[in-house]
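Below you'll find the structure, written out as structure tokens, and then a few comments.
The values are calculated or read from the model by the stated rules, or taken from the named source; none is laboratory data. Predicted model, so just to flag it, every value in this text is computed and none were measured. A quick note on method: Cβ atoms are made from the backbone with ideal geometry, for glycine too, and the neighbour counts reach across all protein chains shown. Surface areas here come from the heavy atoms of the whole protein model, side chains and all, with no ligands, DNA or RNA. Shrake-Rupley method; radii C 1.70, N 1.55, O 1.52, S 1.80 Å.
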Amino acid sequence: MNATVTSFRAAGAAPASQGEPLSPKGCTNFKLRQLTRLVSNHCETHFAETGLKTTQYALLSHIVVLGPIQPSELARRMDLDLSTLSRNIQPLLAMGLVEMLPGADARSRQLQATEEGHARRRQMKATWKRAQLSLNQRLGDERVQRLHALLDECSALMRGDVAVEELDGLDT
């Protein structure tokens with residue numbers, strides 16, 4: 001274990017004195033973005049030879065599992081805004097991995113994975129698995145499980161799906 005990890009653990013291990021509230025230090029947005037960049041860089045090295053970025057693989061996977069699906073529903077399910085979804089879906093459409101179909105009425109559309117998209121996802125699942133296992137090995141399985149639980153809780157809170165009071169006292 002390097003000194004940086006040790007110093008973080010030691011700094012975080014000391015309990016606050018009784019009656020003194022614990023106050024977070026630093027910028028949560030920056031820390032999350034920093035971790036996201038590090039994790040993305042780690043995973044992108046595994047995906048480099050596939051021709052897709054990890055974000056494109058995630059989008060394709062959601063469309064394979066949920067499709068056909070309206071872009072607005074996909075954006076909601078992935079916590080993306082429509083402009084981000086639109087920008088990220090373009091390369092998948094251009095590669096022929098996803099197609100845009102007519103929706104229930106003249107104004108709506110549906111996204112669906114093509115046969116090539118389904119095949120590409122099947123091929124890439126092994127790449128995703130290697131990237132995830134490598135990340136788990138680096139961070140430790142227990143830490144990754146705790147991180148997932150914490151991220152899920154925080155996402156639910158940010159979406160307004162649950163109140164902090166509902167999570168208090170739960171073992172997660």
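The table below gives the values:
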quantity	calculated
Every pair of residues 6+ apart whose Cβ atoms lie under 7 Å, when the first sits in the range 32-52 and is closer than 16 Å to K129 by Cβ while the second is surrounded by 15 or more Cβ atoms within 10 Å (Cβ to Cβ) and small (G, A, S)	C43/A131; H46/A131; F47/A131
Only one of L85, L93, L101 that is touching a helix residue (DSSP H, G or I) at 6+ places or on another chain (Cβ under 8 Å) and open to solvent by less than 70 Å² (accessible area, probe 1.4 Å)	L85
Candidate set: the range 34-57, residues that are open to solvent by 30 Å² or more (accessible area, probe 1.4 Å) and not in a helix (DSSP H, G or I); chosen: the one modelled with the highest pLDDT	K53
Criterion (touching a Leu at 6+ places or on another chain (Cβ under 8 Å) and either open to solvent by 70 Å² or more (accessible area, probe 1.4 Å) or under 18 Å from V39 (Cα atoms) (or both)) met by exactly one of E116, E153, E142	E116
Options L80, L60; residue that is under 21 Å from the mean Cα position of the chain (by Cα) and either more than 22 Å from R159 (Cβ to Cβ) or open to solvent by 90 Å² or more (accessible area, probe 1.4 Å) (or both)	L60
Subset of the range 100-141 [farther than 19 Å from L59 by Cα and among the small types (G, A, S)]	G103, A104, A106, S108, S134, G140
